[in-house]
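Encoded as C-alpha cells, the structure appears first; notes follow it.
The values are calculated or read from the model by the stated rules, or taken from the named source; none is laboratory data. Remember, it's a predicted structure, so these values are computed and weren't measured experimentally. Counting neighbours? That spans all protein chains shown, and the Cβs are built from the backbone with ideal geometry, glycine included.
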Amino acid sequence: MRFENVAFSYEPNRKILKGISFEVPAGKTVAVVGPSGAGKSTISRLLFRFYDLSGGRILIDGQDIAKVTQKSLREVIGMVPQDTVLFNDTIRYNIRYGRWEATNEEVEHAASLAQIDSLIRMAPKGYDTEVGERGLKLSGGEKQRVAIARTILKTPPILVLDEATSALDSHTEREIQDALERVSKGRTTLVIAHRLSTIVSADEIIVLEQGTIVERGTHSQLLAAKGLYESMWNRQREAEEAREKLARAGEDDAAPNRNPPAVDDAITTAAAAEPFEAPVDAAE
Ligand SMILES: Nc1ncnc2c1ncn2[C@@H]1O[C@H](COP(=O)(O)OP(=O)(O)OP(=O)(O)O)[C@@H](O)[C@H]1O
Ligand SMILES: [Mg+2]
C-alpha cells in the first residue's frame with residue numbers, strides 16, 4: 001500500500017494533508033502517530049475512499065484506488081475505527097457482518113479471539129443480546145472488541161486500526177491490544193496509535209504533525225532523534241508513572257481523601273475529545 005504525495009482538504013481553505021508519502025510493504029506494520037488533529041484518522045478515511053484526494057495517489061498492489069470500485073476496495077481492507085458504530089441488532093449479527101456466510105462456530109471463534117466471549121457468556125441472551133441503537137448498550141471497549149471480532153471473521157489482507165481513545169481501564173486495554181496483535185500478524189497493517197507503548201515494534205513509525213510527516217523511523221531511531229516522537233514518548237511515560245502512583249495510593253486505605261496529582265497527558269486528553277470523527281460506515 002503506497003501513499004504518493006497525498007494532499008487533502010475537507011474545506012477549500014484549510015489543508016489537512018499536505019502531500020504525504022509513505023509505504024506499507026506487504027505483511028508489514030506501519031504506525032502513524034502525532035498530536036490530535038494532525039490528520040491521522042483522515043488517512044484511514046481516504047484509504048477507504050470516504051473522500052477524494054485533492055492531490056497525489058494512493059496505490060494498493062500498484063493500482064490507484066481511485067480507479068477500482070469501492071466495493072472491491074472495501075473487500076480487501078478491514079478497518080477497526082476509532083469510534084465503532086454498531087447495527088441495532090444482536091451481537092451475533094454485528095460480528096457476522098464481517099462475513100455473512102460464516103458459521104456460528106466461526107463467529108464464536110472470532111469472538112473468543114477478540115476476547116469478547118466471556119462477556120457474551122455472562123449475558124443472559126448470549127450472542128442474541130441486542131446491542132441497542134448504534135451499540136449504545138455496550139461499553140466503548142466492548143464495542144471495539146465486537147468490531148475486532150468482525151474484522152477477524154472477515155480476514156482481510158489489509159488492516160487499518162485506529163486505536164480507541166476512550167478511557168479504557170488498563171486491563172481491557174491490554175485485552176484489546178492482544179486481540180489487535182493477533183489479527184494483524186502477517187497482514188499489511190496501518191495502525192494509528194495514541195499510546196506509543198503499543199507500537200514500539202512497528203516496522204516503521206510515521207510522525208504526523210499538521211498534515212506533514214515530520215519524522216519517520218523505528219522506535220529506537222526516533223528516540224535517538226530526540227524530536228517530537230521522543231517528547232511524546234517521555235510525556236506518556238510520565239503520565240503512566242503518575243497513573244501507577246495514583247493506583248498505588250488508591251490501595252492505601254490510610255489516606256482515603258488524598259487528592260490525585262494532576263496528570264499531564266495532553267495527547268490522550270485532546271485525542272479523547274475527537275470532535276470531528278466522521279460517522280464512519282458501520283460496515284467497517
Ligand atoms: N468532516 C470534517 N470536516 C472538516 N474538518 C474535519 C473533518 N474531519 C476532521 N476535520 C479536521 O481535520 C483535522 C484532522 O482530523 P483527524 O480526524 O484526521 O485528526 P487525528 O489526527 O485523527 O486526531 P485524533 O488524534 O484526535 O484522532 C482536524 O483538525 C479536524 O478538525
Ligand atoms: Mg483520529
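On the given criteria, is Leu161 at pLDDT 85 or above and more than 14 Å from the chain's Cα centre (by Cα)? So Leu161 fails the test. For Ala102, the conditions (1) under 23 Å from Ser21 (Cα atoms); (2) assigned to a loop (DSSP other than H, G, I, E, B) all hold with the exception of (1).
Check segment 23-41 and report whether any residue there is in contact with a Gly (Cβ under 9 Å, 6 or more places away or on another chain), over 27 Å from His219 (Cβ atoms), surrounded by 19 or more Cβ atoms within 10 Å (Cβ to Cβ) and touching a residue at least 40 places away in the same chain (Cβ under 8 Å). No, there is no match, as no residue in segment 23-41 is in contact with a Gly (Cβ under 9 Å, 6 or more places away or on another chain), over 27 Å from His219 (Cβ atoms), surrounded by 19 or more Cβ atoms within 10 Å (Cβ to Cβ) and touching a residue at least 40 places away in the same chain (Cβ under 8 Å). All conditions in (1) over 21 Å from Thr84 (Cβ atoms); (2) in a helix (DSSP H, G or I); (3) modelled with pLDDT of 95 or more hold for Ile43, with the sole exception of (1). When Val200, Val160, Val146, Val207 are checked against the criterion of being within 16 Å of ligand 2 (Cβ to nearest atom) and out of contact with any Lys or Arg (no Cβ under 7 Å at 6 or more places or on another chain), Val160 stands alone in meeting it. From the list Ile65, Ile77, Ile58, which one is in contact with a Pro (Cβ under 9 Å, 6 or more places away or on another chain) and under 30 Å from Ile20 (Cβ atoms)? Only one candidate passes the filter, namely Ile77. Across segment 217-227, the number of residues qualifying as surrounded by 18 or more Cβ atoms within 10 Å (Cβ to Cβ) and either within 16 Å of ligand 2 (Cβ to nearest atom) or over 19 Å from the mean Cα position of the chain (by Cα) (or both) comes to 1. When Ile95, Ile91, Ile77, Ile58 are screened for being at pLDDT 90 or above, in contact with a strand residue (DSSP E or B) (Cβ under 7 Å, 6 or more places away or on another chain) and buried (at least 20 other Cβ atoms within 10 Å of the Cβ), only Ile77 passes.
Among the residues of segment 191-224, those identified as at pLDDT below 95 and within 15 Å of ligand 1 (Cβ to nearest atom) are Val191, Ile192, Ala193, His194, Arg195, Leu196, Thr198, Ile199. Among residues belonging to segment 24-62 that are of a type in the set (Val, Ile, Thr) and within 25 Å of Arg14 (Cα to Cα), point out the one that is nearest to ligand 1 (Cβ to nearest atom). Of everything passing the filter in segment 24-62, Thr42 is nearest to ligand 1 (Cβ to nearest atom).
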